[in-house]
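Heads up, the thing below is written out as structure tokens.
No value in this document is a laboratory result; all are computed from the given coordinates. Only a predicted model underlies this, so the values are computations on that prediction, with no experimental measurement involved. Virtual Cβ from ideal backbone geometry, glycine too; neighbours counted across all protein chains shown.
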Amino acid sequence: MSRPLRKPLAAGLGALTLAASLSACGASSADPDAKEITVYSADGLKSEKGDGFYDKVFKDFQKKTGIKVNYVESGSGAAVQRLARERANTKADVVVTLPPFIQQADGKGLLAVYRPKGSDQVATADKDPNGKWTSVVNNYFCFVYNTKELKKAPATWADLAAGRFRDKLQYSTPGVAGDGTAVLIKAMHDLGGQGPAMKFLGKLQANNVGPSSSTGQLAPKTDKGELLVANGDVQMNYANMKSMPHQGIFFPAAKPGGKPTTFALPYAAGLVKNAPHTANAKKFLDYLLSADVQKEVSSVGGGFTARKDIKATDANATALAKIMNGVEIFQPDWNDVDKNLDIYVNAWKTATGS
């Protein structure tokens, strides 16, 4: 199975890791008839080894259609910021990012209406009612711990504040990384709202190593024991397990004896407004949601299919179901998160001194 490894961003929020097929400036041909598209995507689905979900999808799509995929990888927030900066001269055709950043892209007027073939099989909660975006790979927020150094995972949020984790705990930056923003969402849900969550995260800061613009760089550190605990998501961390065998997935509960909780954090795709290659982009979105590709989300990518009519039975799907067994899944109010994201992030900065 593929082992996608999320790569850290270079210094600065807007910095991006580009595939070799793109020039340093990230521009693609403006020729609408060119047999190519440019995809801006959150990290996690492409492997440095070339055997990840995106690696197979891009290769198979080009073979099927003759359309080459130029790939630009970043944190979720950075992808949307770049789209906004390029509004007057749009470079990207498709954006794939995590909530609440896909909603943010829509709110900024960066997405066009397109309902890909197969989107009727995506759950209502996992797509925009106005047709601006749809989930293409389902996923869930999680934490990881070093299984070599710790006999068992921390059971609760309070356990994470223990002295043993001083300078051994790290989570990606809220407002920049999708999984980092997810830390705030889960904490507010579990701990009783913004006030209690920020108070706790202020206390937790004594253990936090510091900011990280992308979540992917934390998994290798956890596997090596440089960190004992980090945030992540199930797809990425499960996909890394064979190459990083000393990490385990867990979901801290609100209090002792409580149920572990999480929420869906899907990779959502949208057609970029004024995309240079709109027709090609629509073909790509159709392909991503096709039954054959969705069957490979678990077997190749270590994730969860976005389509309700696909029942994966491969070994990875079975293992993923076991990981999620007994975990309570809640539904965030994404409209609220999108509307108040700056408030929550600023409250976090104040609480933590970041």
Checklist outcome for this item: Honestly the chain on the Cα gyration tensor test (a ≥ b ≥ c root eigenvalues; a/c under 1.5 rounded, otherwise a/b vs b/c for prolate or oblate) is just prolate
Checklist entry - If each residue's Cβ is checked for other Cβ atoms within 10 Å, how do D60, D43, D179 rank with the fewest at the top? => result D60, D43, D179
Checklist entry - Near A306, within a Cβ-to-Cβ distance under 14 Å, what is the net charge of the other residues, with Lys and Arg +1 and Asp and Glu -1? => result 0
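Using a simple charge model, +1 on the beta-carbon of Lys and Arg, -1 on the beta-carbon of Asp and Glu, nothing else, what dipole does the chain show about its Cα centre, in debye to the nearest 20?
440
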Checklist entry - Going through region 202-296, which trypsin sites (Lys or Arg not before Pro) have at most 11 other Cβ atoms within 10 Å and a DSSP loop state? => result K242
Checklist entry - Just how large is the dipole of region 66-164 about the Cα centre, in debye to the nearest 20, putting +1 at every Lys and Arg Cβ and -1 at every Asp and Glu Cβ? => result 200
Next on the checklist: Connecting C-alpha atoms closer than 10 Å in a GNM of the chain, tell me which of P174, P99, P256 has the biggest fluctuation.
Outcome noted: P256
Checklist entry - Which of rounded, prolate, oblate describes region 201-258, given a ≥ b ≥ c as roots of the alpha-carbon gyration tensor eigenvalues and a/c under 1.5 marking rounded, otherwise prolate only if a/b is larger than b/c? => result oblate
Next on the checklist: Using the Kirkwood formula on the Cα atoms of region 121-205, what hydrodynamic radius do you get, in angstrom to one decimal?
Outcome noted: 15.2
Checklist outcome for this item: The helix 178-191 Cα axis meets the longest alpha-carbon principal axis of the chain at an angle in degrees, between 0 and 90 and rounded to 10, of 40
Checklist entry - Any idea what angle helix 194-204 forms with the longest principal axis of the chain, computed on alpha-carbon atoms, 0 to 90 degrees, nearest 10? => result 70
Next on the checklist: Out of all DSSP beta bridges in the chain, what portion is antiparallel? Express it as a percent rounded to 5.
Outcome noted: 60
Next on the checklist: As an exercise, use a Förster radius of 30 Å and the Cβ-Cβ distance of A206 and N335 to find the FRET efficiency, rounded to the nearest 0.05.
Outcome noted: 0.35
Checklist entry - Between K108 and T156, what is the spin-label point distance in nm, taking each point 7 Å from the Cα along the Cα→C-beta axis? => result 4.0
Next on the checklist: Restricting to DSSP H runs of at least four residues, report the calculated mean residue ellipticity at 222 nm for the chain, -39500 (n - 2.57) per run over all residues, nearest 500 deg cm²/dmol.
Outcome noted: -10000 deg cm²/dmol
Checklist entry - Cα axis of helix 53-65 to longest principal axis of the chain: angle in degrees, 0 to 90, nearest 10? => result 10
Item to check | Relative contact order (%) - region 198-354, alpha-carbon pairs under 8 angstrom, separation at least six | outcome: 27
Checklist outcome for this item: When M188, M324, M236 are ranked with the fewest other C-beta atoms within 10 Å first, the list becomes M324, M188, M236
